[in-house]
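First up is the structure itself, then whatever we jot down about it.
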Amino acid sequence: MRISVIGCGYLGAVHAAAMAKLGHDVVGIDVDERKINDLQAGRAPFFEPGLPELLTEAQDTGRLTFSTSMADASGAAVHFVCVGTPQRKGEYAADLSYVESAFRELTPYLSGEDIVVGKSTVPVGTAERMAACIAQAQPNTVLVWNPEFLREGHAVKDTLAPDRFVYGVPTGEAGRRATKVLDEVYAAPLANSTPRLTMDYATAELVKASANSFLATKISFINAMAEVCDAAGADVTALADAIGMDDRIGRKFLNAGVGFGGGCLPKDIRAFMARAGELGADQALSFLREVDAINMRRRSRVVELTRELVGGSLIGKRITVLGAAFKPESDDVRDSPSLSVAAQLELQGATVTVTDPEALSNSKDRFPELSYEPDMASAVSKADALVLLTEWKEYRNMDPKVVGKLVSSKKILDGRNVLSPKTWRDAGWAYKGMGRP
Ligand code: UGA
């Protein structure tokens, strides 16, 4: 099948390569020339495990090309819209300008029976509005809203073998036809018994918003428990293990620490609150305000704990922050808790060095005032305290004896609760976790 993918960011680039892997003939389109040049040369424009291999494999088949021209979408039977919906400056609501312009610019290149598939995360009601725009120009073109649930760092697997497909479709024959076409696109994963659910547009849009809200709530729940554990002298990791054994609760997404960041959860819960307000349902989501507040308090708590760890004042202290990405296996630093903490520590008088295996270049663009050191041994050298904020494997597996020889003072704050307190204390370190005695 001939497919176009509009927007080649984290979502679109992986989607385009994955669709080619499934056997389709794909063109990926983006206005960012640098990104398109990279992709066209088989280079991933960001760090995502497995993507470089997938790009090379797909391009070797000749079924994957990239372009900056929307005109190259013409001739495709299915068009995926994968552009970003960031938070609007100074507001909670999502900025839909990229979605709106993608639809506006794509419409002239649609022909009769095409299917347009929206994958971007949008406020409920957007699909209905976009469908009306398309219908004016191309009455036989059908829009499907097919939210994406991929996680950065696992994007290739999540795209090729997702937990489920959700199709938001119009009623009647149009919806049935679009479902059939999208089933052909996803034939391989569907044959592997991936569940596929069809529903109306609004429900499909809300599935995505509520899934991310639930995940954010789960993380803030355990972080709230960490606050109580701190006050009571209890251990939140043991608590999470114990409650997680109840199938109804589950252990996943119950890791307390510095909290969630990234380009999705923070802005999605805010956009959801904003949209609920417009719909007159703001009370229903007022708990998300608390979810957000608990999450932001984690960052201040890390700063506070670091100050305590170094003896009450950060002024003149050399602090090394381990990890800059919002999570491991990613170079994404959008709303990264690590960088926000690093900047706070620096503002409060510490001399901060940030290290990360993949995210330093993006970090420098966002926080040029911080010092960066790619080599971990050099980064920790002569530090008065280490603060682990992104749980990359190399930090989880650090040997306290080896690292102990490099630092000036053996003090560590484990902002992700991934180190063994006993091992570190036995090696002579002052260890502090988050919600751990
Ligand atoms: C999230 C969702 O998990 C995806 O399903 C969704 O498709 C995606 O947003 C999106 O909307 O595009 P992602 O932002 O890649 O995916 O990252 P997550 O794995 O959800 O992690 C988000 C943040 O929560 C990270 O900062 C992570 O460190 C933090 N986290 C996660 C915790 O603090 N504790 C946990 O137990 C789990």
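Every helix of 4 or more DSSP H residues in the chain counts as -39500 (n - 2.57), and over all residues that averages to -13500 deg cm²/dmol at 222 nm. For the residues LYS405, LYS382, LYS267, a GNM of the chain with alpha-carbon springs under 10 Å puts the largest fluctuation on LYS405.
Over the Cα atoms of segment 143-284, what is the Rg over Rh ratio if Rh follows Kirkwood?
Values: Rg = 18.5 Å, Rh = 17.5 Å.
Taking Rg over the Kirkwood Rh, I get 1.05.
On a per residue basis, segment 233-433 carries 44 Å² of accessible surface, using protein heavy atoms and a 1.4 Å probe. Per residue, the solvent-accessible area of segment 3-63 (1.4 Å probe, heavy atoms of protein chains only, all protein chains present) comes to 37 Å².
The distance between label points at MET296 and THR56 comes to 4.5 nm (points 7 Å beyond Cα on the Cα→Cβ vector).
At 1.4 Å probe size, with the rest of the protein present, what percent of the exposed accessible area of the chain is carbon and sulfur atoms? Kindly include the intermediate steps, with their values, before the conclusion.
On the way: 9880 of 18630 Å².
Reported share for carbon and sulfur atoms: 53 percent.
The Cα atoms of the chain define a convex hull whose projected area, averaged across directions, is 21.7 nm².
Taken over the alpha carbons of segment 2-199 as equal point scatterers, the Debye sum produces base-10 log I(q)/I(0) values at 0.09 Å⁻¹ of -0.30. Between ALA127, ALA383, ALA71, find the one with the highest GNM mean-square fluctuation for the chain; connect C-alpha pairs within less than 10 Å. Of ALA127, ALA383, ALA71, the Gaussian network model singles out ALA71 as fluctuating most.
Label sites at ARG176 and ALA281, each approximated as a point 7 angstrom past Cα along Cα to Cβ, lie 2.9 nm apart.
Report the charge-dipole magnitude of the chain in Debye, nearest 20, computed about the Cα centre from +1 at each Lys and Arg Cβ and -1 at each Asp and Glu Cβ.
On the way: 50 positive and 56 negative charges, 242 e Å.
Roughly 1160 debye for the chain.
Listed cross-link partners LYS317/LYS432; LYS364/LYS422; LYS401/LYS422 are compared with a 24 Å cut-off, the Cα-Cα value being larger for LYS364/LYS422. When the charge dipole of the chain is built from unit charges on Cβ atoms (+1 for Lys and Arg, -1 for Asp and Glu) and taken about the Cα centre, the candidate among GLY42, MET1, ALA383 whose Cα reaches farthest toward its positive end is ALA383. Rounded to the nearest 0.05, what FRET efficiency is calculated for ASN397 and ILE243 with R0 set to 30 Å and r the Cβ-Cβ distance? Step by step, r from the Cβ atoms, then E = 0.65.
Taking every DSSP bridge with both residues inside the chain, close to 5 percent are antiparallel. Taking 0.36 nm per residue of sequence separation and removing the Cα-Cα distance, the ARG366/LYS89 pair yields an extension gain of 98.1 nm. Roughly how many nanometres apart are two label points built 7 Å out from the Cα toward the Cβ at LEU190 and LYS405? Those two pseudo-labels are separated by 6.0 nm.
Averaging sequence separations of C-alpha pairs under 8 Å and six or more residues apart, then dividing by the length of segment 376-437, give the relative contact order as a whole percent. List each step's numbers first, then the result.
Details: 86 pairs, mean separation 21.8, N = 62.
The normalised contact order for segment 376-437 reaches 35 percent.
When the chain is treated as a GNM with alpha-carbon contacts under 10 Å, the residue of ARG176, ARG270, ARG416 showing the greatest mean-square fluctuation is ARG176.
The values are calculated or read from the model by the stated rules, or taken from the named source; none is laboratory data. This structure is a prediction, so every number in the text was calculated from the model and none was measured. Quick reminder, even Gly has a Cβ in these numbers, built from the backbone with ideal geometry, and neighbours come from all protein chains shown. Accessible surface is based on the protein model in full, side chains and every heavy atom, while ligands, DNA and RNA are left aside. Shrake-Rupley method; radii C 1.70, N 1.55, O 1.52, S 1.80 Å.
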